[in-house]
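Each remark here refers to the structure printed beneath this line.
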Amino acid sequence: MKFAIAAAVIASAVLTEARLSMQSVGTKTPKSSKRSKGKSGKCGKSGKVFNSQCDDADYSSVYTMTNQRDNEILVYSRNTCDGTLTFEATVATSGEGSILSGSNGDGADLPAPIDDPLASTGSIITASDCLLAVNAGSDDISTFHIVSPAEIELVDTYSSDGDFPVSLAEREGMLELSLECIYLSCYRVHVPNSLIVCVCVPCYPIGLVYVLNAGGNGSMQGFNLTPETCELTPIDQDPIELDQGNVTPSDPAFFPASPAQIGFTPEGNIVVTIKVNGGGQNFPSGEGSLNVYSINPENGTTTNEFLTQTNVNGAAGSSVPFSFDFDDKGNLLLVEAFGASGGGPGQPNAGAVSVYSDIDVAPMDVAADNTTQTTSCWIVYNPKNSCVYTTNNGGSSISAFLLKKKKKKVELELIDA
């Protein structure tokens, strides 16, 4: 069965009630599933999400991980008509979970994030018919083959080539097709004395996967993903260092300053958010940043020579840029945990969402609005209704925005929180 990729964000209150250190959720949705489109501008409670009646329900999958010492993936099947989840299985990753530090070793001491132990986005992702998850405690990545909406099989574990992996990203078919990815399919035509006919068949394009490591100096490393087998192969480059200072503690890192997410732009380049440049010793007065690395399309490599860093300045100093998503025009939507609206850690109304254009060339902040909540950590964009949603750990809430695009102008309007 072939699947299309969807995204899901779950509020911190739900994660806390489950009493599991769940970092993030990945979903797989069959192409044949039917979902109501909703109405443009209906980003709040009135927005219709699921069909009220379904004759033949399709099923997708929802995955989350326990992040315990013996890390496991929890598998749920999901009715695409009414959203009902059914628990299906627990599958070991053969790796270990962990939790970031609540102290920077220099006077700042904050409770460790129980509902977000890796302080990141994308610790578990789907790619083609594969599932990938980080094991922060054993510094490796587990890959699984998605057999059905109710079943996954562990393929292998691979070193992250760094300390404390927290986020993954995959670019499907990023690398150009090579002659080695061609095979012959031969068959005999079913008529007397016929010849054998052979045709050239391309394999699935090789995917490009990058992992973000939060420990030590901070780093990232790339892999080739073979979609048919879900195997990873390291690309030919040294890990890219993020210059986070190797402050104490370095593994695990101080969660309010650690790197938060790695992802790919629509043009195929890498984006990394760093909550505070230089590491925990610069918290809370330091600045965070957006970091864009240009990728070599032939082999997926990059270096710090191809880095464009844009500092994210909040009214109170550090705005702690956290996670991001892209709209259907290629604009980057960035959620800032606090500081962006003049409030520090734990202060009300301190979270914000900013919109950046031209992210691959010269990132420019073109719109922003307040979440009216604090500790705003995760963000997702719905292209069907142009709505943006953030989850706010500090307020156990969700904020909803309408993204308005008029010619070349972009506006962001808070609808509800």
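For segment 256-275, check the following and say yes or no: at least one residue is within 17 Å of S101 (Cα to Cα), open to solvent by less than 10 Å² (accessible area, probe 1.4 Å), assigned to a strand (DSSP E or B) and of a type outside the set (A, V, I, L, M, F, W, C). Checked segment 256-275: at least one residue is within 17 Å of S101 (Cα to Cα), open to solvent by less than 10 Å² (accessible area, probe 1.4 Å), assigned to a strand (DSSP E or B) and of a type outside the set (A, V, I, L, M, F, W, C). Among the residues of segment 290-301, those identified as surrounded by fewer than 20 Cβ atoms within 10 Å (Cβ to Cβ) and of a type outside the set (V, I, T) are S294, N296, P297, E298, N299.
When segment 380-412 is filtered for residues that are open to solvent by 50 Å² or more (accessible area, probe 1.4 Å), within 27 Å of D358 (Cβ to Cβ) and of a type in the set (S, T, N, Q), nothing remains. Please tell me if P234 is modelled with pLDDT of 95 or more, more than 25 Å from D358 (Cα to Cα), touching an Asp or Glu at 6+ places or on another chain (Cβ under 6 Å) and surrounded by fewer than 23 Cβ atoms within 10 Å (Cβ to Cβ). Taking the combined requirement at face value, the residue does not satisfy it. Scanning segment 237-255 for residues that are of a type in the set (V, I, T) and either at pLDDT 85 or above or not in a loop (DSSP other than H, G, I, E, B) (or both) turns up just one, I240.
In summary, I415 fulfils each of the numbered conditions (1) of a type in the set (A, V, I, L, M); (2) open to solvent by less than 60 Å² (accessible area, probe 1.4 Å); (3) modelled with pLDDT under 90 with the single exception of condition (2).
If you go through segment 141-149 one residue at a time, do you hit one that is open to solvent by 10 Å² or more (accessible area, probe 1.4 Å) and closer than 25 Å to V272 by Cβ? No, the conditions are met nowhere in segment 141-149.
The residues in segment 302-313 that are assigned to a loop (DSSP other than H, G, I, E, B) and open to solvent by 30 Å² or more (accessible area, probe 1.4 Å) can be counted, and the count is 1.
Of all residues in segment 58-112, count the ones that are open to solvent by less than 40 Å² (accessible area, probe 1.4 Å), of a type in the set (G, A, S) and without any contact (Cβ under 8 Å) to a residue 40 or more places away in the chain. Qualifying residue count, segment 58-112: 1. Within segment 391-400, if we keep just the residues that are of a type outside the set (A, V, I, L, M), in contact (Cβ under 8 Å) with a residue 60 or more places away in the chain and not in a helix (DSSP H, G or I), the residue that is nearest to N331 (Cα to Cα) turns out to be T391. Within segment 63-98, the set of residues being within 22 Å of the chain's Cα centre (by Cα) and of a type in the set (A, V, I, L, M, F, W, C) comprises M65, I73, L74, V75, L85, V91, A92.
Here segment 113-150 is the region considered, the condition is being in contact (Cβ under 8 Å) with a residue 12 or more places away in the chain and more than 21 Å from the chain's Cα centre (by Cα), and the residue that is nearest to T64 (Cα to Cα) is A150.
The values are calculated or read from the model by the stated rules, or taken from the named source; none is laboratory data. Not measured: the values here are computed from a predicted model. All Cβ positions, glycine included, derive from the backbone under ideal geometry; neighbour counts span all protein chains shown. These accessible areas exclude ligands, DNA and RNA; they are computed on the full protein's heavy atoms, side chains included. Shrake-Rupley method; radii C 1.70, N 1.55, O 1.52, S 1.80 Å.
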